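Q: My structure is below; once you've seen it, I'll send some questions.
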Amino acid sequence: MEQRHLGRTGLRVSRIGLGTLTWGRDTDEHDAADMLKTFWEAGGTLVDTADVYGDGEAEYLLGRLMDGLVPRRDLVISTKAGSVPDPERRVDGSRGHLLAALDASLARLGTDHVDLWQIHAFDPGTPLEETLHALDLAVGSGRARYVGVADFCGWQLAKAATWQLAAPGRTPLAGTQLEYSLLQRGAEREVLPAALDLGVGLLPSSPLGRGVLTGKYRHTTPADSRGASEHLAPFVEPYLDDTASHIVDAVTTAADGLAVTPLQVALAWVRDRPGVAAPVVGARNAQQLTAALSVEALSLPDEICRALDDVSAPVHRYPDHDWSTL
């Protein structure tokens, strides 16, 4: 699999990442092992997790699998900290919490460092410079090799990345992670322009529109799908409207014309967008993952890309576009 630099750093990652959101909860050890081995054998390196995935079980499971199934040195392990299961305070970006969370993640993963450590969300209750100082301490102590943020909006990312570039000794942000697909192009409003300007690589999550872009929901909701799952159905439901259906129809038409699958078309589109380093795919089993990895050989023709751009174009008006054209 092709490797790409994450932002303007020396860190190289496979251009498709493996997500572990459901590991330790919906995905058991057997399926996780099959997926990790399939991913590794295909040349995949980037494995994305977080301390809150499965209440820590995802990290713990990944650590066990690295112990005997796949060499640690062959993987780029990315984890996150900052989200907390507290209804009164969903995010804790304090230095104390973040560094303690990193230590706990390392213990669960069974490693002395992670390759990429990301702040999981912006915390308005903590000074941003305090949150970012935790990133510097993590790199300075060797517990993290590179750092980034997740689910920051445009001004938050720009402020954080600029702060890290403003003085010697601070660690530049390597990446930012947030949802991006043909069904969710909000990142193009401000996040992607900021990331491109400041040298931060984008790691799209839910690149298949929460599974909807595969076409599986066109006529019904499969019983074994996330859309039929009690705790994941609300996650899928927003992308089952008429607007999404129109885009999925266009993806399916493109796939038929290219003799490939809608999954391959949707994933190739987001993988090759400007500023994207590696979409992170969350598969349910090795068969689904193999289908996603098959996109490696596909590059969409320019006319297909333009057609998909047009049918899924978000409405961006003032002040995001030149005011004189409005």
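Here, each number is a calculation from the coordinates, and none is a lab measurement. Owing to the predicted nature of the structure, the values given are computational and were not obtained by experimental measurement. Counting neighbours? That spans all protein chains shown, and the Cβs are built from the backbone with ideal geometry, glycine included.
Q: List residues of segment 116-134, by number, whose backbone nitrogen lies under 12 Å from a label position 7 Å along Cα→C-beta of residue 86.
A: 125-126
Q: Also, I was wondering about something else. For a quick check: with amide H placed at 1.01 Å from N, whose amide H comes under 5 Å from residue 76's, ignoring anything fewer than 5 positions away on the same chain?
A: Amide H to amide H, under 5 Å and 5 or more residues apart or across chains, residue 76 pairs with 46, 47.
Q: Please compute the contact order of the chain in relative form: average sequence separation of alpha-carbon pairs under 8 Å and at least six residues apart, divided by the residue count, as a percent.
A: Details: 588 pairs, mean separation 59.6, N = 326.
Relative contact order comes out at 18 percent.
Q: What FRET efficiency, computed as 1/(1 + (r/R0)^6) with R0 = 56 Å and r the Cβ-Cβ distance, is obtained for residue 155 and residue 30, rounded to the nearest 0.05? Can you show the working numbers first?
A: Numbers: r = 44 Å, r/R0 = 0.78.
Between residue 155 and residue 30 the formula returns 0.80.
Q: Cα centroids of segment 112-138 and segment 268-305: how far apart, whole angstrom?
A: First find each Cα centre; the distance between them is then 29 Å.
Q: Under the rule of at least 5 residues apart or a separate chain, name every residue whose amide H is placed under 5 Å from the amide H of residue 19.
A: 48, 281, 282, 283
Q: Another question about this same structure. Does segment 99-178 come out rounded, prolate or oblate, given a ≥ b ≥ c as the square roots of the eigenvalues of its C-alpha gyration tensor, rounded meaning a/c under 1.5 and, failing that, prolate meaning a/b above b/c?
A: Numbers: a/c = 1.82, a/b = 1.47, b/c = 1.24.
Since a/c reaches 1.5 and a/b is larger than b/c, the shape of segment 99-178 is classed as prolate.
Q: Hey, another quick one. Can you give me the long-range amide H partners of residue 211? Hydrogens built in the peptide plane at 1.01 Å from N, cutoff under 5 Å, separation of 5 or more residues or another chain.
A: none
Q: In whole Å, what is the distance between the alpha-carbon centres of segment 158-178 and segment 83-104?
A: 20 Å
Q: To continue, here is another question. Once R0 is set to 25 Å, what does the formula 1/(1 + (r/R0)^6) return for the Cβ-Cβ distance between residue 179 and residue 218, expressed as a FRET efficiency to the nearest 0.05? Present the calculation step by step, with values, prior to reporting the outcome.
A: On the way: r = 21 Å, r/R0 = 0.84.
E between residue 179 and residue 218, to the nearest 0.05, is 0.75.
Q: Still on this structure: Which FRET efficiency value, to the nearest 0.05, is calculated for residue 37 and residue 249 with the Förster distance at 51 angstrom and r the Cβ-Cβ distance?
A: Values: r = 36 Å, r/R0 = 0.70.
It comes to 0.90.
Q: Suppose every Lys and Arg Cβ carries +1 and every Asp and Glu Cβ carries -1, with no other charges. What dipole size does the chain come out with about its Cα centre, to the nearest 20 debye? Show your work: numbers first, answer last.
A: On the way: 29 positive and 44 negative charges, 133 e Å.
Using only the charged Cβ atoms, the result is roughly 640 debye.
Q: Based on the mean of other beta carbon atoms within 10 Å per residue, what is the order of 1-9, 269-277, most packed first? Numbers along the way, then the final one.
A: On the way: 1-9: 17.6, 269-277: 20.3.
Sorting 1-9, 269-277 by mean packing, highest first, produces 269-277, 1-9.
Q: Here is a further query. Which percent of Cα-Cα pairs in segment 190-313 sits in each 10 Å bin, short to long?
A: 12, 42, 36, 9, 0
Q: Another question, if that's okay. How many nm separate the modelled label positions at residue 290 and residue 196, each set 7 Å beyond the Cα in the direction of the Cβ?
A: About 3.8 nm separates the two model spin labels.
Q: On to the next question. Rounded, prolate or oblate, given the Cα gyration tensor of the chain, with a/c below 1.5 counting as rounded? Show your work: numbers first, answer last.
A: Values: a/c = 1.59, a/b = 1.19, b/c = 1.34.
Oblate shape, in that a/c is at least 1.5 and b/c is the bigger or equal ratio.
Q: How much length is gained if the chain between residue 103 and residue 272 is pulled fully straight, taking 0.36 nm per residue apart and subtracting their Cα-Cα distance, in nm to one decimal? Intermediate results must be reported in sequence, preceding the final value.
A: Details: separation 169, 0.36 × 169 = 60.84 nm, distance 3.48 nm.
Extra length available between residue 103 and residue 272 comes to 57.4 nm.
Q: If each of residue 259 and residue 242 carries a label point 7 Å out from its Cα toward its Cβ, how far apart are those two points in nm?
A: 3.7 nm
Q: Can you tell me the relative contact order of segment 1-113? Whole percent, Cα pairs under 8 Å, sequence separation 6 or more.
A: Working: 157 pairs, mean separation 26.9, N = 113.
Contact order relative to length: 24 percent.
Q: Another question, then. Going by average Cβ density within 10 Å per residue, which order do the peptides 152-158, 306-312, 77-83, 17-23 take, highest to lowest?
A: Details: 152-158: 19.4, 306-312: 15.7, 77-83: 26.1, 17-23: 24.6.
Packing order, densest peptide first, comes out as 77-83, 17-23, 152-158, 306-312.
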